[in-house]
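A short worksheet on the structure shown next.
The values are calculated or read from the model by the stated rules, or taken from the named source; none is laboratory data. The model shown is predicted, which means the values in this text are computed figures rather than measured ones. Here the Cβ positions follow ideal geometry from the backbone for every residue, glycine too, while neighbour counts run over all protein chains shown. Side chains are part of the model used for accessible areas, which takes the heavy atoms of the whole protein and leaves out ligands, DNA and RNA. Shrake-Rupley method; radii C 1.70, N 1.55, O 1.52, S 1.80 Å.
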Amino acid sequence: MGVAEDSEPPLKRVKGPLEESKSLPEDHSTTKSVSCSLGDQMARPLTSQGDGETIGSQGVIRKAEFIKIITRALYSLGYDKSGALLEEESGIPLHSSVVNLFMGQVTNGKWDDSVATLQTIGLSDEIMKSASFLILEQKFLELLKMEKVAAALDTLRNEIVPLHVNLDRVHKLASCIISPSQCIRLGISSQDTEGTKSGSKILEKLQKLLPAAIMIPEKRLEHLVERALDVQREACVFHNTSDSDLSLYSDHQCGKNQIPSQTLQILEAHKNEVWFVQFSHNGKYLGSSSKDHSAIIWEVKENGQVLLKHTLCGHQKPVLIVSWSPDDSQILTCGQDEVIRRWDVSSGECLHVYEKTGVGLISCGWFPDGRGIFAGMTDKSICLWDLDGRDLECWKGQRTLRISDMAITDDGKRIISVCRESAILLLDREAKFDRLIEEVDMITSFSLSKDNKFLLVNLMNQEIHLWSIEGDPKLISEYKGHKRTRFVIRSCFGGLDQSFIASGSEDSQVYIWHRCSGELLLALPGHSGAVNCVSWNPGNLHMLASASDDGAIRIWGLDRFNLKGGEQSNGSNHQCNGRS
């Protein structure tokens, strides 16, 4: 229906959810400019609010609710004229006239009037009493501030107490009369009783208490949109981008190209099988260890290239693992049944050698504060040392096996180790209490999640199990598809929010699963020997490293980050433009 230009102002509505009811200025020019901005062919307001109407292809969205939520969002964003115009144009007010009156009374501190109006809104008895308590409590506190003690006492006795709610709070309010300092202990500041500020705060509390159909919640539209994005993100099995990449213009769906799947570099400085690889906590370095008795520190440049920084020599036997200090300034290397060495990352200098007479060391790690290390021994004990090698604690007995995986939680309270062929020990240092994860087959390795809540366990039967270790251990997921018959194969968490599981495999491939669904997403060929270990860069969602018996470390990335083909002058570092 066409519209003749109207010189009357928009309907008198509350301009904002926290304001008293008031009209737009009686100014024809203002009305005209707002109308013109929406077009000259605007439909006139509906006489009915259309409470029963629905919109959307599925017919589940109530039109009145939809419009009210949009109106609320406009007011929240400061577009008061647009909000008022939408109310007028749709014929659907944001709030009823009685709710507008109530909100204005609360905002302006008219406590008695607001309590009286509250009775007419149509609330349940429980909500009515709770809302009245909030308002009358504020009235009581303001009377106290004005030193009207008799009036405050009258409000407490004759208005608050008869509500029979929140009795503990009532007793504390009564103590404020005797000792005003009690108000401070209750968390009530002088600002809480200052005019409009106090009214606005009470209205915010009432908004959380009253039904949403009566008082539309603040930022309701934003909440609905965020939930929609959450659902899309959770349904996207390849999601591996930051939230800043999400858009409202189209449904979100990542492709496989968000997962590192192309070989960008081949690092070939080791002279024998590479058994272990791990990125530093900040993602700026990569550590590797090999059967050739050496470990290497690689540096990850800002452009994504990985270059050799230091070769760490000194071990007389193959190096099983490396472990980064919490601040990434130092690194531990553990020789097979040999010693642990501590190195300075910047200089490559060996700072200390840890050993125990008559006992070999098979695993190591750092205290969360970086002031000491822990180690697993060939005699199945676990020892803790300070950085100078002095014994701090030692647990004898069946505490570990000849498997070089140990971990300690970030709070330093729990040490995790394989204590039997099919069991993992969760040792509580403070409570001196042990919990066990009992597996169905022999354990070959495990990995602790960044949040310390989950454990990824590799088994002899070619399965990887995900355990929750909060409280009593609970099996969450299983991952299958990779190959393991003879060697120790390691897996890791990775990607955005550690949403993926990556693993090596004896068939020379790297396998990647979706953590929650267990779906196998990718199997990456490229290596020519068993892939022993993988590590996902915590500082780069799109970088993955794999270590293999072929003596090489492969750096995997996204297609668009592929570098041009060719060899680097390093002699031990090749750029690759594919999977070969």
*Hey, which of these cross-link pairs are over 29 Å Cα-Cα: LYS256/LYS309; LYS81/LYS110; LYS396/LYS480; LYS284/LYS450?*
LYS256/LYS309; LYS396/LYS480
*Between LYS396 and LYS208, what FRET efficiency follows from the Cβ-Cβ distance if R0 is 51 Å, with the result rounded to 0.05?*
0.35
_Cut-off under 5 Å, modelled amide H: who pairs with GLN509 long-range_ = VAL531
_Quick query: amide H of THR54 versus all other amide H atoms, modeled in the peptide plane; which residues come in under 5 Å with a sequence gap of 5 or more or a different chain?_
LYS63
*From largest to smallest, what semi-axes in whole angstrom does the range 254-555 give when each is the square root of 5 times an eigenvalue of its alpha carbon gyration tensor?*
27, 24, 17
*asked:* Against the 2.2 N^0.38 Å scaling, with N counting residues, where does the range 437-534 land? I'd like the Cα-based Rg ratio to two decimal places.
replied: 1.00
*With a sphere of radius 12 Å drawn around the Cβ of LEU136, what net charge do the other residues whose Cβ falls strictly inside it have (Lys, Arg +1; Asp, Glu -1)?*
-1
*Give a quick list of GluC sites (Glu not before Pro) in the range 236-328 that DSSP marks as loop, anything other than H, G, I, E or B, with at most 14 other Cβ atoms within 10 Å.*
GLU302
*Equivalent ellipsoid semi-axes for the range 94-214, as square roots of 5 times the alpha carbon gyration tensor eigenvalues: give them largest first, rounded to whole Å.*
24, 15, 12
*Is the shape of the range 187-346 best called rounded, prolate or oblate, per the rule: a/c under 1.5 gives rounded, else a/b larger than b/c gives prolate, else oblate, with a ≥ b ≥ c the square roots of the Cα gyration tensor eigenvalues?*
prolate
_Inter-label distance, nm, simple model (7 Å from Cα along the C-beta direction), MET146/LEU307_ = 7.5
*asked:* Over the range 45-144, with the other protein chains present, what is the accessible area per residue in square angstrom, probe 1.4 angstrom?
replied: 45
_Less than 10 Å Cβ to Cβ from LYS68, Lys/Arg counted +1 and Asp/Glu -1: what total charge do the surrounding residues give?_
+2
*Over its Cα atoms, what ratio of radius of gyration to 2.2 N^0.38 Å does the range 212-290 give?*
1.83
_the range 332-371: trypsin sites (Lys or Arg not before Pro) in DSSP loop, at most 12 other beta carbons within 10 Å_ = ARG371
_Check which residues have an amide H placed less than 5 Å from SER422's amide H, if you skip close sequence neighbours._
ILE443
*Cleavage-rule hits (chymotrypsin sites (Phe, Trp or Tyr not before Pro)) in the range 193-300: DSSP loop, at most 11 neighbouring Cβ within 10 angstrom*: TYR249
*When the accessible area of the range 373-483 is computed with all protein chains present and a 1.4 Å probe, what percentage of it is carbon and sulfur?*
46
*Roughly speaking, to the nearest percent, how much of the range 94-214's 1.4 Å accessible area is carbon and sulfur?*
55
_Between the range 275-303 and the range 54-99, how far is it from one alpha carbon centroid to the other, in angstrom?_
57
